[in-house]
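First the structure, in the form of structure tokens, and then the observations on it.
The values are calculated or read from the model by the stated rules, or taken from the named source; none is laboratory data. Note that the structure is a prediction, hence the values are computed from the model and not measured. Note that each Cβ is placed from the backbone with ideal geometry, even for glycine, and that neighbours are counted across all protein chains shown. Note: areas computed on protein heavy atoms with side chains; ligands, DNA, RNA excluded. Shrake-Rupley method; radii C 1.70, N 1.55, O 1.52, S 1.80 Å.
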Amino acid sequence: MFTAHDLFGFSTRTRAALALVMLSVVSATLGYLWASPATAPARVQRILQKYTGPAIAVGASVREMSTSLGTPFEFVPHLGYVAHVGDSTGVSELRLLLPRGKRAGRPNDADRPDAVEILTTSDGAFNTLAVEVSAAFRDPPREGCLTMSQPGTYREVRYWQTPLHFGGIALTNDYGGNGSVVRPGMVVTGLLAFAGRFNGGETMRGNYSPQPCAVLAGLGQ
Amino acid sequence: MSAMGGRVLALLLIAQACTPNPQELARAARASDSLTIVFADSAARRALAAEPRAPTVPEHTPHACDEPATSVAFLALWSGALSLTLPADFTPIDTARVASHGIHRWLGADKSTVVVRRDGATYHSGWTGSLTSECTVDIAGARAHIDLADATVDVPDYVVRAVLERPRMLPFVFEGHARSVRRQAELLRALRSLSIAESAWIRSVVLE
């Protein structure tokens, strides 16, 4: 019988040492990945920065972004940081979303978001963004829905990921069949750029379901 | 603790950190949800504030059927066969030539105007804006259809317009443009004081 021992001629002691080295490498790699900032692929950052400017990036520190943007961020426990910035409608919100394990603590300038979200009420924002993101990913989006705290209120989710799932973009907008609207005709549209694989509610920071909102609202399909 | 034990502990900690925590996720969802609601409310308020304000009818807008009481001093004025009482700051602006054509005009200190003329005009005309009320009453021995309107665009323009009719006679039209709702009430009261001499009606007989 031909065995590894015959092939490499390693002794039991040598094999144990090799196993220990391999375990160290694996644990160090996992530790690094866990502790290091998650950055999104260039394609994702480009789309985000088209609307936020180059100061904002997934994985950059809050200190860097706040300094570059010239706008202070407010810490929101359990979520991350938020800033109000202007757009053509005069109303836009920028959120730096912290990864799990980082968002329950105290504000820290060194925090690095693993997702960045912008919200706007600009007319036609969703269509503009959907065309842009579809062209960038050359792929139709996957659909889902966020169930909001107010009963009968949902937000539609469409998301795209890079082929190896290093990051992606999710677009959200108010579901048209919501029981109540804040203002007729006004739609809150969100663009969320994230690092890593899309992970449902964890990525969206919400009560996510991989079903169309119409299904959750009991209207169809 | 041995080196191996430390590594195992580190791996366990990493694994725990990677395990979804429903409570933490629920807190994040609540925070995100609340922020979105606040953002939507704020955006709605801003949109409402930025909206061009359509001419509105204040609560104290007079009704065309009213005979409003006002606190300003009125003066009785005559212009040919017409007489009416107007607020004391109104002065006639007719030239003799205009008056000879049966057009009588007065101008107030705030640039409110009153015109009385013979005209075949119909109801609900003479302004661009929204009719706020209308009424048909008897004034100066004639059937008078009164329209109150808000023609405000850039400058406040509250309209009092009445068509005074007698059978087979050319109607008289009273048209007042007020710069305020209060002034509109004053012009409505002035309209009720309008008197037209019988001779003027006779001159306006429509020949058949």
Sticking with the crude label model, points 7 Å out along Cα→Cβ, report the distance from B:Ser42 to B:Ser193 in nm, one decimal please.
-> 5.6 nm
Mind checking how much accessible area B and A bury in total, 1.4 Å probe, in Å² rounded to 100?
-> 2800 Å²
Sticking with the crude label model, points 7 Å out along Cα→Cβ, report the distance from A:Ala110 to A:Glu64 in nm, one decimal please.
-> 1.5 nm
Mind checking the dipole of chain A: about its Cα centre, +1 per Lys or Arg Cβ, -1 per Asp or Glu Cβ, Debye to the nearest 20?
-> 520 debye
Between A:Arg46 and A:Arg197, how many nm apart are label points set 7 Å from Cα along the C-beta direction?
-> 2.6 nm
So for R0 = 30 Å, FRET eff. of A:Val26-A:Arg142 from the Cβ-Cβ r, to 0.05, ends up at 0.40
At least 30 Å along the helix axis (C-alpha) and Kyte average at least 0.0, DSSP helices within chain A = A:12-35
Within the under-13-Å Cβ sphere about B:Ala151, not counting B:Ala151, Lys/Arg +1 and Asp/Glu -1 give a net charge of -3
By accessible area (1.4 Å), largest first, A:Phe10, A:Phe198 order as A:Phe10, A:Phe198
Going by accessible area, probe 1.4 Å, with all protein chains left in place, what is the ranking of B:Ile93, A:Ile118, largest first?
-> B:Ile93, A:Ile118
In whole percents, the bins of 5 Å from zero upward hold the Cα-Cα pairs of the stretch A:73-140 as 4, 16, 20, 16, 16, 15, 11, 3
Note the full-extension length gain between A:Lys102 and A:Val85 as 0.36 nm times their separation in residues minus their Cα-Cα distance, in nm to one decimal.
-> 3.7 nm
Based on the Cβ-Cβ distance of A:Gln150 and B:Asp66, what FRET efficiency does E = 1/(1 + (r/R0)^6) give at R0 = 51 Å, to the nearest 0.05?
-> 0.65
Return, ordered by residue number, the residues of the stretch B:163-200 whose backbone nitrogen is under 19 Å from a label point located 7 Å along Cα→Cβ of B:Thr113.
-> B:163, B:172-181, B:183-188, B:190-191
For the stretch A:45-63 and the stretch B:125-163, what is the separation of their Cα centres, given in Å?
-> 60 Å
Mind pulling the per residue volume of the convex hull built on the Cα atoms of the stretch A:42-216? Å³ is fine.
-> 114 Å³
Probe 1.4 Å, all protein chains in place: accessible area of B:Trp127 in Å², nearest 10?
-> 40 Å²
